[in-house]
Amino acid sequence: MAKITVIGQGECDFDGQFSLLEALDENGFDMPYSCRGGNCGACLVKLVAGDVEEIQSPVYEADKGHILTCSVIPLTDITIELV
């Protein structure tokens, strides 16, 4: 089970939810999002540490070192930062 650390907000476990965004939402984190489908970029965060896997191909293209929480799952413990 991967541990998710959100800088300045806390930690939670990834328990096989559909996406990183879903895991954060279920654990009470106040995460920005709009579409949940990779089309808008509202859920963009900086991936500080760890590895993720893309589960859907987003239309919005994130800059290097950034991820869309609606479109990935953690493969390892990860640390993210809101941008």
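Values quoted throughout were computed directly from the atomic coordinates according to the rules given, and no laboratory measurement underlies them. Here the structure is a predicted model, which means the values were calculated and not measured. Every residue, glycine among them, receives a Cβ derived from its backbone with ideal geometry; neighbour counts consider all protein chains shown.
Show the residue pairs that are 6+ apart or on different chains and have beta-carbon atoms under 9 Å apart, the first residue being within the stretch 42-54 and touching a residue at least 12 places away in the same chain (Cβ under 8 Å) and more than 10 Å from L68 (Cα to Cα), the second being of a type in the set (S, T, Y) and part of a strand (DSSP E or B). The qualifying pairs are V48/T5; V48/T79; A49/T5; A49/T79; G50/T5; G50/T79. Among the residues of the stretch 22-44 satisfying the criterion of being in contact with a helix residue (DSSP H, G or I) (Cβ under 6 Å, 6 or more places away or on another chain) and within 15 Å of E81 (Cβ to Cβ), which is surrounded by the most Cβ atoms within 10 Å (Cβ to Cβ)? The extreme case among them is C43.
Applying the selection to the stretch 41-83, what residues are touching a Cys at 6+ places or on another chain (Cβ under 7 Å) and in a strand (DSSP E or B)? Matches in the stretch 41-83: L68 only.
Taken together, the residues in the stretch 56-79 that are surrounded by 13 or more Cβ atoms within 10 Å (Cβ to Cβ) and at positive phi amount to 0.
Among residues of the stretch 10-21 that are free of Cβ contacts under 8 Å to residues at least 24 places away in the same chain, those with a Cβ under 9 angstrom from a residue that is in a strand (DSSP E or B) and among the charged types (D, E, K, R), sequence gap 6+ or separate chain, pair up as E11/K3; C12/K3; D13/K3. Listed conditions (1) touching a Leu at 6+ places or on another chain (Cβ under 6 Å); (2) surrounded by fewer than 19 Cβ atoms within 10 Å (Cβ to Cβ); (3) farther than 18 Å from M1 by Cβ are all met by E53, apart from (3).
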